[in-house]
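Have a look at the structure below, then the notes.
The values are calculated or read from the model by the stated rules, or taken from the named source; none is laboratory data. If you're wondering where the values come from, they're calculated on a predicted model, not measured in any experiment. Note that each Cβ is placed from the backbone with ideal geometry, even for glycine, and that neighbours are counted across all protein chains shown.
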């Protein structure tokens, strides 16, 4: 790679000379995987403690379910849920690196004040026209995901002429737009399950190495998703093994971050895969 595989996080350099693990902490009330939800302060702190102890590099806090046909969450509720969780975690674990999972710039702004240091946006700025300016003005690391539509209607927009080139072009335009504004701390997420059919998800995973041509850090979020549990005819609680299999494939094809509900299996997959590939 001829680009710097690192991002500046609040003045601290986070290197991706080896893959990293992002642990999902859902404070949303209806996220697709019920066991990932945390509903009170003790649950939040216990989940954060466990994930950090198991080797999570980043904790991703989300208060808006992005599953297909998810209900809209009022912005005040999303702010209250996420900022409270971030403040709790930062008070107990001051060195924890936290990302805020939101497509709303107002939520992101409050989250950064509460202690978050990265913004993870499933819409890459398409659902809030203030987000890109907010990100660039604050020079905050930005995770931008590919999606069409919104969580409520995205599965109506799964028709592509040639999906891999189309997503690559989508990101190349975004990268140029951000660089023109002086922002370079970008992480791209192909958006498994977002405006894609199951077959398209597997096609993207099988061609993940092409995304390295964008010279950006690549995040993969496959954990317990429908492409796994529907293929195996199981439910989300039964597909940890399937998640690990696909995460291992993603690592072999260049993934830099695994976004997961289960940290330890991802950490172990990275250790074994890295040792094998190196």
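The condition (being at pLDDT 95 or above, more than 17 Å from the chain's Cα centre (by Cα) and under 29 Å from residue 179 (Cα atoms)) is satisfied by just one residue among 92, 104, 113: 113.
State all residues of region 184-207 that are more than 19 Å from residue 148 (Cα to Cα) and in contact with a strand residue (DSSP E or B) (Cβ under 7 Å, 6 or more places away or on another chain); if no residue qualifies, say none. Within region 184-207, 185, 186 qualify. Would you mention how many residues in region 221-278 are in a helix (DSSP H, G or I) and touching a strand residue (DSSP E or B) at 6+ places or on another chain (Cβ under 6 Å)? Total satisfying the criteria: 5.
Counting only residues that are touching a strand residue (DSSP E or B) at 6+ places or on another chain (Cβ under 9 Å) and part of a loop (DSSP other than H, G, I, E, B), region 89-103 holds 5 of them. With respect to (1) over 19 Å from the mean Cα position of the chain (by Cα); (2) farther than 30 Å from residue 8 by Cα; (3) not in a helix (DSSP H, G or I), the lone exception for residue 199 is condition (3). Checking each residue in region 238-251 for being surrounded by fewer than 22 Cβ atoms within 10 Å (Cβ to Cβ), over 16 Å from residue 276 (Cβ atoms) and in contact with a helix residue (DSSP H, G or I) (Cβ under 6 Å, 6 or more places away or on another chain) picks out only 242. Flag: residue 41 does not match the condition of being in contact (Cβ under 8 Å) with a residue 60 or more places away in the chain and either more than 18 Å from the chain's Cα centre (by Cα) or crowded, with 19+ Cβ neighbours inside 10 Å (or both). Applying the criterion of being part of a helix (DSSP H, G or I), in contact (Cβ under 8 Å) with a residue 12 or more places away in the chain and more than 15 Å from residue 204 (Cβ to Cβ) to the residues of region 157-184, the residue that is farthest from the chain's Cα centre (by Cα) is 177.
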